[in-house]
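Input: one structure, supplied below.
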Amino acid sequence: MRHGLFKTIFFLLGCLWTREWRTRLQLIAAIGCTGCSVGLTIVSPMLLKWLIDGLSGASLSATSVYLLCVAYGGAWFLSQATHRCEEYLFVVVNERIKRTITLNYVSRVLGQPAAALSAHQTGASVSELTRVQDSAMRAIIGLFWSLAPICVEIVVVGIVVCSLFGWVYAAVLLGILTLYLYLSVATAKRCEVLQRKKNRASDRASTRLVDTLTHADTVKAFSNEASELARLNRVFKMRAWASIHIARKMEIVGAAQLLIVGIGLTALTALAGRDILAHRLTIGDFVLLNSYLLRFTLPLSTFGYMLRGIQIGLFNLSELLHTICVRWRFDPLGQPLFEQAPSIEFRNASFCHPCGRRVLRHANFSIPAGAFCALVGSSGAGKSTLIKLLLRLYKLDEGQILIEGQPIESFSESQLRQSIGYVTQEAHLLDRSIRENICFAYPQASDSELESVIQTCALTPVIAAASQGLDTSIGERGNKLSGGERQRVGLARALLRNSPLLLLDEPTAALDAHTEADIFKHLYERYRHTTRLVIAHRLAAIQQADLILVMQEGAIVETGTHRSLLAQQGVYANLWHKQAHSSAARPDRIDSAETVDA
């Protein structure tokens, strides 16, 4: 196990015993109901024995008989009622624990660095979270609502049987229990190994399933349905094999344990029959013994399943305890870090991806406060990485990034990101309404602010055509919108925050030239109070930029304005002439040059 047994149990106890008094009272009530249920279960057979002995010996008055009948029926009713209350209170406590585990797990995922998130697998995470929730329920039910009461029942029944029937009966009961527990403990380690294999197979199957369903359009577009189903069939066969293997092992052990219980039950019944024939026990004693044997053997017949459930639950929890034991704390949305547009400076900045590829080489440049700066270059030049460094999604290997003259490390990640409006290369939208997606970064935006960014991003026709306007759901990942519409919604989301610093990674790559020109016009004129760093998709759109940075193989090779860079006849001029030539050959693209991969 990755974490110790006691650490896992202490985590569960911490989930049960919280700081909320209401939750504590619910837990105390549940424990009280369990205790009452166990006590009444033990008392009921005693009442029945007295009743039978009194009736068979005619030694009780009619009043006493009626009182014993009422007491026996009342004890049974109260036992069932407290059991129902216990089940209800458990559901209340269990749902709160599942909520705690889910929030802790999600906060841990959100708190991961960008490098870890890039390797994140949604399907595996959903599988892990579901498994942990089920495991917590198994462990809590098994440990606190099943194992503990059963252990109390077994101890009390053993004491009563020993005192009423002698040590021989108690020795048989102890022998049954010893052999039963030995089989459970002896197979526990092997079951852990099999469970680990099953967990890995389940995670792989969930990852493949989510991957296929998420990209169903791509599968259909390439007519690849048959091969995808075959691929899914293989991983689910592996999961089925692992599940069947562990089930077979457990059922064999369970059958052996039931055989032990059956032999013990037969032996105790035979002993009781012998003592009745010898007049050492009464009929009431025989009924009492059988009642206790049933109370002993019925839970014990499922004891193996319960123990295996606890073992699996604790194992799964211990494997992922580091992901659920602590909830990460995040700062709520607040005021921007900078009241005015900040300046940006890179000093000898270098960065390598975790895979070892160097994507930024000794970059040195400055962006004045309030400037419109464009970043251009070929695919893989390092432009998007540079923006992610400004967001502190990555950390420099060498050099410095200064904002307003201060090292970027001096600002908290949360404060810094709250001061930035960011548009990603691909518009990552949520399965919510258009309004919720646009207001995601600034939920308290007024209607006038919302309307302003809608007009800036040319979304008015899109919203007018939507069935429910701004409240129209856009589907998973925004699939109900076109690529250009998704990009405009993503841009509107960034602009609505009205941040002093805008980082736009190809914000208009999926738009036509005319719409792009209108949006860039607004970015030039309406957002002079912000510092804007834009990765350009088409060079014609950034001719008016205050500063253009040209990247090549991770290095800043040219800086200047559009005119000065053309005069240098370097990399930028070469890109410009290529795009101008392509535009001349395509009448439908008069207003812009051909696309450059960014």
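All of the numbers you see were taken from the coordinates with simple rules; none came from a lab. These numbers come from a predicted model, not from an experiment. Neighbour counts run over all protein chains shown; Cβ positions are idealised from the backbone, glycine included.
Students often check this: by mean Cβ neighbours within 10 Å, which of 71-78, 492-499 ranks highest, and how do the rest follow?
Ranked by mean Cβ neighbours within 10 Å, highest first: 492-499, 71-78.
In whole Å, what are the extents of the stretch 5-324 along the principal axes defined by its C-alpha atoms, from largest to smallest?
Its Cα atoms span 87, 45, 35 Å along the three principal axes.
Which value, to two decimals, describes the C-alpha radius of gyration of the stretch 388-533 once divided by 2.2 N^0.38 Å?
The value comes to 1.08.
Using only the alpha carbons of the stretch 329-445, determine the length spanned along each of the three principal axes and report them from longest to shortest in whole angstroms.
The Cα atoms of the stretch 329-445 stretch 42, 32, 30 Å along their principal axes.
If you fit an axis through the alpha-carbon atoms of helix 21-57 and take the longest principal axis of the Cα set of the chain, what angle between them do you get, 0 to 90°, nearest 10?
Once rounded, one gets 20 degrees.
Continuing with the same structure: Between LEU103 and HIS279, what is the label-to-label distance in nm when each label sits 7 Å out along the Cα-to-Cβ direction?
7.1
Give the percent of DSSP beta bridges with both residues in the chain that are antiparallel, rounded to the nearest 5.
50
Using a Förster radius of 22 Å, what is the FRET efficiency between HIS215 and GLU426 based on their Cβ-Cβ separation? Nearest 0.05, please. If you can, show how the numbers build up before the last one.
Working: r = 13 Å, r/R0 = 0.61.
With a Förster radius of 22 Å, E is 0.95.
Something else now. Stick to Cα atoms and the Kirkwood definition of Rh, then tell me Rg/Rh for the stretch 511-555.
Taking Rg over the Kirkwood Rh, I get 0.99.
Moving on. How big is the Rg/Rh ratio for the stretch 426-498, C-alpha atoms only, Rh by Kirkwood, two decimals?
That ratio is 0.91, to two decimals.
I'd like the distance separating the alpha-carbon centroids of the stretch 53-109 and the stretch 204-262, in whole Å.
Measuring centre to centre over Cα atoms gives 39 Å.
Of the cross-linked pairs LYS7/LYS98; LYS98/LYS237; LYS388/LYS521, which ones have a Cα-Cα span greater than 23 Å in the structure shown?
Over 23 Å apart, Cα to Cα: LYS98/LYS237; LYS388/LYS521.
For THR18 and GLN543, what does the FRET efficiency come to when R0 = 51 Å and r is the distance between their Cβ atoms, rounded to the nearest 0.05?
Using R0 = 51 Å, I get an efficiency of 0.25.
Now for a different question. Quick one: putting +1 on the C-beta of Lys and Arg, -1 on the C-beta of Asp and Glu, what dipole do you get for the chain around its Cα centre, in Debye to the nearest 20?
My answer is approximately 1760 debye.
Please list, by residue number, everything in the stretch 382-409 whose backbone N is under 16 Å from a paramagnetic label point 7 Å out along Cα→Cβ of ALA369.
Under cut-off, by backbone N: 402-407.
HN-Hα J couplings of the stretch 430-443 from phi, Karplus 6.51/-1.76/1.60, θ = phi - 60°, integer Hz, Gly and Pro as x?
With the stated coefficients, the stretch 430-443 comes to 9, 7, 9, 7, 4, 4, 5, 5, 5, 7, 4, 8, 8, x Hz.
Next up: For the chain, what does the helix formula give at 222 nm: sum of -39500 (n - 2.57) over DSSP H segments with n ≥ 4, over the residue count, nearest 500 deg cm²/dmol? Mind showing how you got there, number by number?
Details: 21 runs with 371 residues, N = 598.
Dividing the helical sum by the residues of the chain leaves -21000 deg cm²/dmol.
Specify which labelled value, from [x] 72, 25, 22; [y] 44, 31, 26; [z] 49, 38, 24, agrees with semi-axes √(5λ) of the Cα gyration tensor in Å derived from the coordinates of the model shown.
Given [x] 72, 25, 22; [y] 44, 31, 26; [z] 49, 38, 24, the structure-derived one carries the label [x].
Counting pairs of Cα atoms in the stretch 464-533, how many percent are more than 22 Å apart?
Result for the distance tail: 28 percent.
Hey, quick one: spin label on LYS197, modelled 7 Å out along Cα-Cβ, who in the stretch 248-267 has an amide N within reach, i.e. under 19 Å?
248-254, by backbone N distance to the label point.
Describe numerically, in nm with one decimal, the distance between label points set 7 Å from Cα along Cα→Cβ at LYS521 and at VAL92.
6.4
Distance in nm between label sites at GLU398 and VAL155, each 7 Å beyond Cα in the beta-carbon direction?
Label at GLU398, label at VAL155, 6.7 nm between them.
Next question. Please work out how much length the chain gains when fully extended from TYR66 to ARG231, using 0.36 nm per residue of separation minus the C-alpha to C-alpha distance, in nm with one decimal.
52.4 nm
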